[in-house]
Each structure stands twice: as C-alpha cells, then as structure tokens.
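Okay, so here's the structure we're looking at.
Bear in mind that the values in this text are calculations on the coordinates, not laboratory data. Treat the numbers as computed from the prediction; the structure is a model and nothing was measured. So basically every Cβ, Gly included, is an ideal-geometry build from the backbone, and we count neighbours across all protein chains shown.
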Ligand SMILES: Nc1ncnc2c1ncn2[C@@H]1O[C@H](COP(=O)(O)OP(=O)(O)O)[C@@H](O)[C@H]1O
Ligand SMILES: [Mg+2]
C-alpha cells in the first residue's frame, strides 16, 4: 500500500486553521493539528484556553467562525451527524440516566444509536472498560466519577466508535483511579482508536500520550511527539506548561 495513501486514511481528526469567536471574543485563532488512528493526542492549556471549544467544534456543537474540522475525512460543518456517529465523547461530567443501571444505560444508548444492544455485547464492553461485574447491575446514580467514566468508555467500546474525545477525564480522580483510567485509554489505543484528550494531568499525559499540543492564545504554541518507547519527561512538560501563554503577559 502506498505510504501517502495510508497516512491520509489514518488521520481521524483534523483541525485546519480552526477559528472561533464567541461574540467578538476570539477564542481559537487558527488552530492546526491532526490525530491518527491508534494515537493518543493530549491537548494541554490553561483554563479558558479554548480546549473544550475545540472538542465542541469536532462534535459539531458549535459552527466555527473560520477554518475546518474534519472527522475521518468528513467536514463536520457539512455533515455533523455523520461526524458525530464516528465519535464517542466523554465529557467532564458524564450524563447518564441516574435511575438506570450501567447495563441499562448502554442498552438504551446503543438502541438510540441503532447499534447492536445485545446482552453479550454490553457485557463484553463493560468488561473491557473495567467496570466491576457487581457494579454493572447497579443504578448509576450512586456511581463515583471513575465508574461513570468507565460506563461511558464501555459505551464507546460497544459502539465501535473509531474516535474518542475526552474532556479532562482524570480531573477529580485519585491517583490510582487516574492511572487505572489511563490504562483503559492505552487499551483503547491498542484497538486502533484515535484519541483526543483534553487534560491537566501532566503525569498521565507524559506516560500515555503519543503527542502533546500546548494551546495558548487560540493557537498551538508547541507540539511534542514521543519518540518510540521514550515517553515524555514530566518535569520538562511542567516547566513548559507553566510558561505557555506567558510571553504576552510578560511583554
Ligand atoms: N458559550 C460560550 N459563550 C461565550 N463565551 C464562552 C462560551 N464557552 C466558552 N466561552 C469562553 O471561551 C473561552 C474558552 O473556553 P473553553 O473552550 O471552555 O476553555 P477551556 O476548556 O480551555 O477551559 C473562555 O474564555 C470561556 O469563558
Ligand atoms: Mg474546558
């Protein structure tokens, strides 16, 4: 197979000169990046940097004021439903039906998506997502944040969505739950999912991300790529993180 062809086919998310304003406030000012299948891309940036807005653009929840966003070669603005069908989204606060069990939630959402909602598929997905067997039949109303996220990841796995978007998935998790969660993402990547994760978890990003983008002033200030087995140095990341966006402030 031709290299250039497979490279192109492997790109699952692409932002091209992405711009967005809320009113006259410019939040994204020409953002460019790509995420490939089987890759974890961590998007870092301070509060208000535009990270959630970037995810909203991929989800077709906002109409960008300029540039394009593509999901598996579909322009999101042109075909928002087709784009959304490819994406599993884990927001900061996962919305589930509180009075339903984890299994029932998957069954409901899979049926809604027109996907196979068989018991065996649901069980396998919740198993892969690491939700304990005894939790699967309990109402999600009593679930911790980590359990809710496992339920949402279970839904993503059951839907066979090729793309996963996560908004600060490990904020508010204790270190063990965060490490647990990152292992889950690692497994999803091994299955070929393309993953875009917005995070403040530098340690987690250093351990599992293939690439890290630093968002500042509505653009990518830097993009770092992990080289083979050598992951990122968390101290260097931290030093860079506290510096991003400070050039303007200092001037
Ligand atoms: N719906 C909205 N209307 C107006 N301003 C918004 C809206 N959503 C976000 N913003 C503003 O846009 C900026 C970027 O927000 P957001 O993308 O949520 O940042 P992040 O997720 O990086 O913290 C912030 O200044 C925020 O206040
Ligand atoms: Mg946000």
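Residue by residue, here is whether (1) surrounded by fewer than 16 Cβ atoms within 10 Å (Cβ to Cβ); (2) within 15 Å of ligand 2 (Cβ to nearest atom); (3) farther than 21 Å from residue 171 by Cβ; (4) within 13 Å of the chain's Cα centre (by Cα) holds:
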| site | (1), (2), (3), (4) |
| --- | --- |
| 18 | no, no, yes, no |
| 26 | no, no, yes, no |
| 29 | no, no, yes, no |
| 32 | yes, no, yes, no |
| 49 | no, yes, no, no |
| 55 | no, yes, no, yes |
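Candidates in the range 184-235 are the residues that are closer than 22 Å to residue 19 by Cβ and without any contact (Cβ under 8 Å) to a residue 40 or more places away in the chain; of these, the one that is surrounded by the most Cβ atoms within 10 Å (Cβ to Cβ) is 221.
For the range 73-94, the candidate set comprises residues that are assigned to a loop (DSSP other than H, G, I, E, B) and away from ligand 2 (no atom under 16 Å from the Cβ); within that set, the residue that is farthest from residue 150 (Cα to Cα) is 78. Considering (1) assigned to a helix (DSSP H, G or I); (2) buried (at least 21 other Cβ atoms within 10 Å of the Cβ), the lone condition that residue 169 does not fulfil carries the number (1).
For the range 38-47, a tally of residues being surrounded by 18 or more Cβ atoms within 10 Å (Cβ to Cβ) and either part of a loop (DSSP other than H, G, I, E, B) or within 12 Å of ligand 1 (Cβ to nearest atom) (or both) returns 4. Do we have residue 70 as farther than 30 Å from residue 129 by Cβ and either over 13 Å from the mean Cα position of the chain (by Cα) or in a loop (DSSP other than H, G, I, E, B) (or both) here? Against the criterion (farther than 30 Å from residue 129 by Cβ and either over 13 Å from the mean Cα position of the chain (by Cα) or in a loop (DSSP other than H, G, I, E, B) (or both)), residue 70 does not qualify.
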